[in-house]
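Asks: Before we start, here is the structure in question, set down as structure tokens.
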Amino acid sequence: MSLVMIPMGGMAQDKLFTLEDINYGGTNYRKMVPENKWFAWWGDELVRLDIDACYLVDKKKHTEKVLASTEEINKWAGTKDSQTFRHFYNVSFPYADKPYVMIQNGSERMLIDFKKHTVVWRQSCTDESNGEWNKESRAVAYVREHQLFVRDADNEERQLTTDGSRDIVYGTAVHRDEFGISKGTFWSNDGMKLAFYRMDQSMVADYPQVNIDPSIAACEPDKYPMAGEMSHKVTVGVYDIKTKNIVYLKAGDPTDRYFTNISWSLDSKTIYMFELNRDQNDCRLVSYDATTGERVVELYRETSEKYVEPLHPVMFLPWDKTKFVMQSQKDGYNHLYLFDKSGKELKQLTKGEWVVMEVCGFNEKNKSVIIAANKDNAIQRNIYMVNVTDGKMSRLDNGRGWHNANISESGTWFYDNYSEPDVPRVINIAQTNAKSGTAADAKPYMKAADPWKGYRIPEFLSGKIKAADGTTDLYYRMVRPADFDASKKYPTVVYVYGGPHAHNVDARWHWSSRSWETYMAQKGYVLFIMDNRGSENRGRDFEQATFRQLGQVEMADQMKGVEYLKSLPYVDQEKIGVHGWSFGGFMTISLMVNHPDVFKVGVAGGPVIDWKWYEVMYGERYMDTPQTNPEGYAKTSLLPRAKDLKGKLQIITGYNDPTVVPQHCLSFIKKCIEVGTQPDFFVYPGEPHNMRGHQSVHLHERITQYFEDYLK
């Protein structure tokens, strides 16, 4: 076990936090987060965005000059009343060689020349959803009343579909946003062709959500494909602005298949797409002719005894249209591979027991790719430049903390917004050329003050222990009261998530602690948070250890955390609680019913109860189907364990949760009634999977009070 603690200031810090201060829905929350700045790149020029004006930043001197104000923009554009342009946070500077700013109000998008003070182009944008604009053709694709439209640069609107409906969905994310999918339209590089999703979900069962607001409650069902049940069918269309024709990619029968990570060749002639079987263990990268829709060639295939999870489209080298970079976990960790367009693997660009977390961009001059990765430390995120020719890898930041880099158009500059466990926020501006300088050497553009100065700040600690396998390192965070006294005994709450594609502990400010932990520490609790096997950023085998038995390995690891807690003299072993949401809600109840003599109190939010009621894409990836893995579903279901509940358990859910549908909670409560156990239950009417706005304050008051009532 190792331990790293953030030292806090002196006794003058005596102000107490409220949930209105530190919960994101609170009335004072904005004043309690570290200062931040927002930017946009204009080619390689950096522009700072604010409410009243935008500013050109001198990247070396950090001086600024006004490019335009909101008052000037409204004067030049002639906007007024409801169409007034109000702030710069959503503007862009799409052309490196032109002094144009793109703005948008409720009715129009405009390109304004901020040097000549004129509108050079405008386009209607009324009643658009899922809009995607292309800077080359200046065409925009969008959805209105279930139909897909394109509006061209001359403001001519064309309706592409007529059969759109609740059952036939166009131009939006499909496969329930899994596989890295976040949108449903994909412009070619020249902006003259549009690839788009069409999803037929007419065969998918309705889940009967209820709207209680009308005088007679109304049924407002969601299409929800549960594990082992009928799933939707997706196809990919391509619209050609010049010919006005639509073709569909000839990918074959879409039944029980997933199409994802769509990308274009640099010459806009070819579409690349990953295709995955429903078992999610056979993944293929296939190219298609964008004009005819004909299948060209299968370039790559990856199979697994467990699952393959494509999350990123291929990216062509800006300086070589014949080569692309692909991400894969095939060697055990997510890394970059260089291919030519025929599908020949040329080399592995990155390698090691660490993961590439993001491709941030390319530096064309140096023929390099810029990435974020945890190469230096498993719970850090640092920025590196990898030379595509010789494989040389150079770190661009200070080697500590959690860094987010935003790259200029040519890749020669970037700004780095980062924090460290004892550093709230720093923004650096630097060149990516590792020979001439790095962000680590740069004078900070901004260093945020501690917004919690003057408050009683708890102790934030981080360390690692061994997993239940005896060899794997697991990282944890601990939060202790500001007046912590090791000779006293403290009630302790384990906060848990534990599921895939998430983690809790990293080297951000306060070790990435949630504000509720601070609030609880202030009330005299110790908080313990650990990332078990199955969570992200630790490699394929770490993530896939939970395959076909969700919750089992995770519980074993969490209990090693409890074992460590029990070794600490200040942890009251008779007063250990647990709390989590979503997968963490599933883990909370799992721990409560499998270890009823350990956990006295639990609060489970939006919990999965039985994986057969969860969605096809996520559920079957990790559990296979109920038909092919009946033992796994039986082992992980919490319904048979309802009889083992001993402690106080509160279950909370959004009444209209479309992610973990209310059937989970209600079925568990029904089972508890049958076997005579007594959980508590609370719902938020009209709310989805997470409570929105100020209701989050109410939620965390309720969670806190439950521990205050039953754990202290």
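The values are calculated or read from the model by the stated rules, or taken from the named source; none is laboratory data. A quick note: this is a predicted structure, and the numbers were derived from the prediction, not measured. Cβ placement follows ideal geometry from the backbone for every residue including glycine, while neighbour counts extend to all protein chains displayed. What goes into the accessible areas is simple: the full protein's heavy atoms, side chains included, and nothing from ligands, DNA or RNA. Shrake-Rupley method; radii C 1.70, N 1.55, O 1.52, S 1.80 Å.
Asks: Out of the stretch 377-412, which residues are out of contact with any Phe, Trp or Tyr (no Cβ under 8 Å at 6 or more places or on another chain) and hydrophobic (A, V, I, L, M, F, W, C)?
Replies: M385, V386, V388
Asks: When the residues of the stretch 197-211 are narrowed to those that are within 29 Å of Y684 (Cβ to Cβ) and of a type outside the set (A, V, I, L, M, F, W, C), which ends up least open to solvent (accessible area, probe 1.4 Å)?
Replies: That would be Q209.
Asks: Something else now. Tell me yes or no: at least one residue of the stretch 53-64 is farther than 25 Å from A442 by Cα, surrounded by 14 or more Cβ atoms within 10 Å (Cβ to Cβ) and not polar (S, T, N, Q).
Replies: Yes, some residue in the stretch 53-64 is farther than 25 Å from A442 by Cα, surrounded by 14 or more Cβ atoms within 10 Å (Cβ to Cβ) and not polar (S, T, N, Q).
Asks: Mind checking whether some residue in the stretch 107-130 is among the hydroxyl-bearing types (S, T, Y), out of contact with any Leu (no Cβ under 8 Å at 6 or more places or on another chain), within 30 Å of K453 (Cβ to Cβ) and open to solvent by 20 Å² or more (accessible area, probe 1.4 Å)?
Replies: Within the stretch 107-130, not a single residue is among the hydroxyl-bearing types (S, T, Y), out of contact with any Leu (no Cβ under 8 Å at 6 or more places or on another chain), within 30 Å of K453 (Cβ to Cβ) and open to solvent by 20 Å² or more (accessible area, probe 1.4 Å).
Asks: Restricted to the stretch 646-672, and to residues that are in a loop (DSSP other than H, G, I, E, B) and open to solvent by 20 Å² or more (accessible area, probe 1.4 Å), which residue is nearest to K575 (Cα to Cα)?
Replies: Filtering first and then ranking leaves K646.
Asks: Taking the condition of being over 30 Å from M530 (Cα atoms) and buried (at least 19 other Cβ atoms within 10 Å of the Cβ), how many residues in the stretch 394-421 meet it?
Replies: 6
Asks: Got a number for residues in the stretch 23-54 being of a type outside the set (S, T, Y), assigned to a loop (DSSP other than H, G, I, E, B) and out of contact with any strand residue (DSSP E or B) (no Cβ under 7 Å at 6 or more places or on another chain)?
Replies: 8
Asks: Right, another one. Which condition does Y455 not pass, out of (1) surrounded by 20 or more Cβ atoms within 10 Å (Cβ to Cβ); (2) at pLDDT below 95, if it passes all the others?
Replies: Answer for Y455: the failing condition is (2).
Asks: A further question follows. Within the stretch 447-485, which residues are of a type in the set (V, I, T), closer than 22 Å to E517 by Cβ and over 28 Å from the mean Cα position of the chain (by Cα)?
Replies: Within the stretch 447-485, I457 is the sole residue that qualifies.
Asks: Out of the residues in the stretch 289-338 meeting the condition of being open to solvent by 30 Å² or more (accessible area, probe 1.4 Å) and of a type in the set (S, T, Y), tell me which one is farthest from V236 (Cα to Cα).
Replies: Only one residue tops the list, namely Y333.
Asks: What's the number of the only condition in (1) of a type in the set (A, V, I, L, M, F, W, C); (2) without any contact (Cβ under 8 Å) to a residue 60 or more places away in the chain; (3) not in a strand (DSSP E or B) that A96 fails to meet?
Replies: Among (1) of a type in the set (A, V, I, L, M, F, W, C); (2) without any contact (Cβ under 8 Å) to a residue 60 or more places away in the chain; (3) not in a strand (DSSP E or B), A96 violates only (2).
Asks: Additional query: What about P214, is it open to solvent by 40 Å² or more (accessible area, probe 1.4 Å) and within 27 Å of E615 (Cα to Cα)?
Replies: Here the answer is no, as P214 does not meet what is asked.
Asks: Search the stretch 381-396 for residues that are part of a loop (DSSP other than H, G, I, E, B) and pair each with any residue that is open to solvent by 20 Å² or more (accessible area, probe 1.4 Å) when their beta-carbon atoms are under 6 Å apart and the residues are at least 6 apart or on different chains.
Replies: These pairs meet every condition: V388/K367; T389/K367; L396/T438.
Asks: May I ask you to verify whether V238 is open to solvent by less than 20 Å² (accessible area, probe 1.4 Å), in contact (Cβ under 8 Å) with a residue 40 or more places away in the chain, farther than 25 Å from V616 by Cβ and assigned to a strand (DSSP E or B)?
Replies: yes
Asks: Taking into account only those residues within the stretch 12-35 that are among the polar types (S, T, N, Q) and open to solvent by less than 60 Å² (accessible area, probe 1.4 Å), which is modelled with the lowest pLDDT?
Replies: Q13
Asks: Restricting attention to the stretch 673-697, report how many residues are surrounded by fewer than 16 Cβ atoms within 10 Å (Cβ to Cβ) and assigned to a helix (DSSP H, G or I).
Replies: Going through the stretch 673-697 one residue at a time, the tally reaches 4.
Asks: Moving to a separate point now. Let me spell it out: the conditions are (1) in a strand (DSSP E or B); (2) within 33 Å of the chain's Cα centre (by Cα), and V119 meets all of them except one. Which number is the exception?
Replies: Among (1) in a strand (DSSP E or B); (2) within 33 Å of the chain's Cα centre (by Cα), the lone unmet condition for V119 is (2).
Asks: Right, something else. Return yes or no: is A405 hydrophobic (A, V, I, L, M, F, W, C) and not in a strand (DSSP E or B)?
Replies: No.
Asks: Quick one: would you say G584 is open to solvent by less than 10 Å² (accessible area, probe 1.4 Å), under 21 Å from Y684 (Cα atoms) and in contact with a strand residue (DSSP E or B) (Cβ under 7 Å, 6 or more places away or on another chain)?
Replies: no
Asks: Give the residue, chosen from V505, V562, V493, V526, that is under 21 Å from the mean Cα position of the chain (by Cα) and open to solvent by less than 10 Å² (accessible area, probe 1.4 Å).
Replies: Checking each option against the conditions leaves just V505.
Asks: Among all residue pairs at least 6 apart or on different chains, which show Cβ distances below 7 Å where the first residue, located in the stretch 309-320, is farther than 14 Å from V356 by Cα and modelled with pLDDT of 95 or more and the second is open to solvent by 30 Å² or more (accessible area, probe 1.4 Å) and among the aliphatic types (A, V, I, L, M)?
Replies: F316/L266
Asks: Any chance the stretch 176-196 includes a residue that's open to solvent by 30 Å² or more (accessible area, probe 1.4 Å), in a strand (DSSP E or B) and within 29 Å of R621 (Cα to Cα)?
Replies: Checking the stretch 176-196: not a single residue is open to solvent by 30 Å² or more (accessible area, probe 1.4 Å), in a strand (DSSP E or B) and within 29 Å of R621 (Cα to Cα).
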